[in-house]
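Step one of this worksheet: look at the structure below.
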Amino acid sequence: MPISSLFPFPSSLKKMFRELHRMTSRRIYLVAAVVLPLFLLLFMCTIFGSGQMRHLPIGVVDADNTSTSRSIIRNIAAVPTFTIVHHYADDAEARAAVQRKEIYGYLSIPHHFEADMLGAGATISYYYHYALLAVGGEVMSAFEQALIPVQLAPIVVEAVSLGDREQGIEHFLLPMTADDHALYNPSLDYSVYLSLPIYYIMFQILILLVTLYAVGSEAKAGTGGEWLSAARGNIFVAIVSKLLPYTLIFIAEALLANYVFFHWLRIPFTGGVALFTLCSVLFILATQSVAVILYTLLPALSVVISVVSMVGSLGATLSGLTFPLSAMSPVVRYAALLFPVRHFTEAMQCVVYFGGGLMACRSSLLVLCLFPLVAMALLPRLRMIMVSRRYDTFE
Amino acid sequence: MIRLSRLPLCLRVACRELRTVATSYAVVLVLLGGVFVYGLLYNYMYAPNVVREVPIAVVDHSHTALSRQYVRWLDATPQVTVALRASDMLEAKQQMLSAQVAGILYLPSDFEQRLLRDEPAVYPFYASTDAFLYYEALETANLQVMEAIDDEYRTQLMPYLTLPELTAVATRTPVTVVGTALYNPLEGYGIYLIPSVLMIIIFQTMMLLIAMLTGSECQRYLLRPYARLQGRRGGIAISLVCGKALAYSVLYGLFSLFLVGGLPLIFDIPHAASLSTLVVLLIPYILATAFLGLTLSRWFTDPEAPVLLIAFFSIGLIFLSGVSYPLELIPWYWRVVHYLIPAAPAVLAFVKASSMHATMADLAPELLTLSLQAVAYFLSAVWVYRKKLAMRLGV
């Protein structure tokens, strides 16, 4: 046995030139492995604008037309979340405007509001658009905040006129107050919340597809045998030399993305840079391994690519980013364990948000390391697929 | 049996297209998997709809009846469950680091004293923002408990009021604020997300279908027979484009029955749209998507490569549609893209129709956009196919 086969890497460097030649021979590799990730980075950096939900269009219905109602409206107009775009004559008109999505909510002050407020008690209503849940939630909490003084003001005014201290009556009305802190994202900025994780979720789909295409196109073009013989029949050398150039490109892109997100976009980052780089690298390796595993299980390129094109976008749901996984059914929760992006999201949240160290996110990182091992265990089958050429023309 | 050659060219193309669809594993897989499995799976995953029983840690340094009551009431809210009573902040933070809890309530040692001493009793509540739904649930629950306990304690504090005549003033509520969620009375996340996902499934699977079909058409020179036909090349190109679009429309007409007709009924997601509105919306949507796909087929030279470029856009489309993040706040250049991709206005229109009871008149802007897209992409598709035919003749 030649000694060089025990140390496959130096020879695999030479084999890499074969892959580099393949990569540069077709535009699709350049587009899918370089242009799209950069486009994606640009997209995630810019899509949320300032990231703050500001100046959302809302309407008001003022059926009272008194100094009280006008002062309430002035207060609402000063809330940064809102821009009052229209004063409607009645509720029906405002409701129709919501229907046309011209406004995301409206405040309705009824007739006789001021008189009722001084007498038996009045009601002020606001409506928010909850078919668009994210915007509706913002509108609701802004209305809640802005209307608290309206609720208390009449009592405070009257109590002070009777001779009480203003502080005293306010304390009486609200004996305890919660001091809410939004951890990791104090300004509740959408770009802080979504840009980084969604970038990696979409990046994951690209990594899966590019890896599948790089491996599968060998079989499809009937060059599987040539590929193997270039690696002297060693499937491990063959796969490493094939995928390493992509791995390096992906790692470079991940590092660039991390730099852009944390340095330019100033996403709060409390953890260690080296640790998060390690997370990104392990994530890329694990995702590439999943592509290899899927290909060995379903070795027809056209079929496996169509499967992965759909499975990939499940990552958004299964990462637990939008809707918490713990609220989903146990089947979904366990299925999520099979997706590297789930473990990456856990590790990412631990490092980026909680400032966790290696020990805090060890389990996620260890699981990410398992994916390449499984892929390696399946390599003999990949070799068989390439040699037998049974699936080359399967469609 | 009907002889295909007797039919007009357009219908012959449609029949041939449908036959190709039925005989390719990869295409059938995309359609079955993408439309049926995906449609069911998404509904199943988001069926819980609301976040319940978010685990929090409580650090109670007050150890009084009041603090115990607070924790008990918070635990009793549907959104929160007290998973841990930590002895100090350090322990609670550790639990948060390992993602065991999503929030920390800290009740300081002088919590009740301050309340009875007529000083504001402020206590911090920390909520994690790694999932916005968690944060929203925790914030709402905490606010509700705070208000409930404030109401309860106010009566106990009555004897401490400095002026006896204040009692009458302080106990009444002059202004009641009522907030109403429009169009989503269950306040469910699935109710908000699923309609958009259904429309994006239509777009994505159709683009994949067209990419796979036209990719293999190009790879196997399947256009050559048409290029040799007698007649004007423009006329043949129109027949080709119309025939293909007809085939896709037939397929997606059936799929839409399942996606927008059947699924909303099975899973109880909003289905307020009338049949006529849905038909009027889906016709320009399906046509615009088909023609866009056929236009892009200019660059689809093999059946697998385009999948790499199409698959990863699905998540981005949700952002571009303006459903998850308001259209008014995304930068103008992405708003332009919103008007170029049929999926974006269609998602918005479908949400309006199915969740918001919008009539056809309310959908006018989106229907106009979709119709213009359909016309523009039809012209570009015909142009692309004319080019393709000319190229094939030269081969």
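Just to be sure before I move on: is A:S217 polar (S, T, N, Q), surrounded by fewer than 22 Cβ atoms within 10 Å (Cβ to Cβ) and touching a Leu at 6+ places or on another chain (Cβ under 7 Å) in the structure I sent?
yes
Restricting attention to the stretch A:36-55, does a residue exist that is hydroxyl-bearing (S, T, Y) and surrounded by fewer than 22 Cβ atoms within 10 Å (Cβ to Cβ)?
Yes.
Of these, A:L243, A:L194, A:L282, A:L209, which one is touching a Gly at 6+ places or on another chain (Cβ under 8 Å), in a helix (DSSP H, G or I) and buried (at least 20 other Cβ atoms within 10 Å of the Cβ)?
So the residue among A:L243, A:L194, A:L282, A:L209 that is touching a Gly at 6+ places or on another chain (Cβ under 8 Å), in a helix (DSSP H, G or I) and buried (at least 20 other Cβ atoms within 10 Å of the Cβ) is A:L209.
What are the residues in the stretch A:54-71 that are over 22 Å from A:E102 (Cα atoms) and in contact (Cβ under 8 Å) with a residue 40 or more places away in the chain, if any?
A:D64, A:T66, A:S67, A:T68, A:S69, listed by residue number.
Please determine, by comparing only the residues of the stretch A:166-191 that are in a helix (DSSP H, G or I) and at the interface with another protein chain (Cβ under 9 Å from one of its Cβ atoms), which one is farthest from B:I149 (Cα to Cα).
My answer is A:Y190.
Would you say B:P270 is under 30 Å from A:P154 (Cβ atoms), of a type outside the set (D, E) and within 11 Å of another protein chain (Cβ to nearest Cβ)?
Against the criterion (under 30 Å from A:P154 (Cβ atoms), of a type outside the set (D, E) and within 11 Å of another protein chain (Cβ to nearest Cβ)), B:P270 does not qualify.
Name every residue in the stretch B:155-180 that is facing another protein chain (nearest Cβ under 7 Å), surrounded by fewer than 17 Cβ atoms within 10 Å (Cβ to Cβ) and either under 18 Å from B:W73 (Cα atoms) or among the β-branched types (V, I, T) (or both), in order of residue number.
Across the stretch B:155-180, the qualifying residues are B:T162, B:T173, B:T176, B:V178, B:T180.
Is it the case that the stretch B:238-254 has a residue that's part of a loop (DSSP other than H, G, I, E, B) and in contact (Cβ under 8 Å) with a residue 60 or more places away in the chain?
Among the residues of the stretch B:238-254, not one is part of a loop (DSSP other than H, G, I, E, B) and in contact (Cβ under 8 Å) with a residue 60 or more places away in the chain, which makes the answer no.
Is there a residue being more than 30 Å from B:A353 (Cβ to Cβ), surrounded by 19 or more Cβ atoms within 10 Å (Cβ to Cβ) and assigned by TED's automatic domain parsing to the domain that holds A:Y127 anywhere in the stretch A:96-108?
Looking through the stretch A:96-108, none of the residues is more than 30 Å from B:A353 (Cβ to Cβ), surrounded by 19 or more Cβ atoms within 10 Å (Cβ to Cβ) and assigned by TED's automatic domain parsing to the domain that holds A:Y127.
If I filter the stretch B:333-366 down to residues being of a type in the set (V, I, T) and within 12 Å of another protein chain (Cβ to nearest Cβ), which single residue comes out as nearest to B:T205 (Cα to Cα)?
Among those that are of a type in the set (V, I, T) and within 12 Å of another protein chain (Cβ to nearest Cβ), it is B:V347.
When both residues are 6+ apart or on different chains and their Cβ atoms are under 8 Å apart, which pairs have a first residue that lies in the stretch A:209-221 and is at positive phi, and a second that is aliphatic (A, V, I, L, M)?
Here the result reads none, with nothing in the stretch A:209-221 linked to a residue that is aliphatic (A, V, I, L, M).
Looking for whichever is part of a helix (DSSP H, G or I) and small (G, A, S) here; the options are B:S314, B:S324. Which one fits?
None of the other options fit; the residue is B:S314.
Have a look at A:V135, A:V79 and point out the one that is in contact (Cβ under 8 Å) with a residue 60 or more places away in the chain and over 25 Å from B:G188 (Cβ atoms).
A:V79
Do we find a residue being over 38 Å from the mean Cα position of the chain (by Cα) and not assigned by TED's automatic domain parsing to the domain that holds B:A127 anywhere in the stretch B:8-24?
Within the stretch B:8-24, one or more residues are over 38 Å from the mean Cα position of the chain (by Cα) and not assigned by TED's automatic domain parsing to the domain that holds B:A127.
Counting just the residues of the stretch A:326-347 that are buried (at least 22 other Cβ atoms within 10 Å of the Cβ) and under 16 Å from B:Y134 (Cβ atoms), which one comes out nearest to the other protein chains (Cβ to nearest Cβ)?
If we take residues in the stretch A:326-347 being buried (at least 22 other Cβ atoms within 10 Å of the Cβ) and under 16 Å from B:Y134 (Cβ atoms), then A:A327 is nearest to the other protein chains (Cβ to nearest Cβ).
Is there any pair with a first residue in the stretch A:31-53 that is in a helix (DSSP H, G or I) and a second that is surrounded by fewer than 18 Cβ atoms within 10 Å (Cβ to Cβ) and not aliphatic (A, V, I, L, M) whose Cβ atoms are under 7 Å apart and which are 6 or more apart or on different chains, and what are they?
Once the first residue is in a helix (DSSP H, G or I) and sits in the stretch A:31-53, its partners that are surrounded by fewer than 18 Cβ atoms within 10 Å (Cβ to Cβ) and not aliphatic (A, V, I, L, M) give A:T46/B:P331.
Checking the structure you have, find out if any residue of the stretch A:143-160 is facing chain B (nearest Cβ under 7 Å) and at pLDDT 90 or above.
Checking the stretch A:143-160: at least one residue is facing chain B (nearest Cβ under 7 Å) and at pLDDT 90 or above.
The values are calculated or read from the model by the stated rules, or taken from the named source; none is laboratory data. Just so it is clear, the structure is predicted and the values come from calculations on it, not from any experiment. Neighbour counts run over all protein chains shown; Cβ positions are idealised from the backbone, glycine included.
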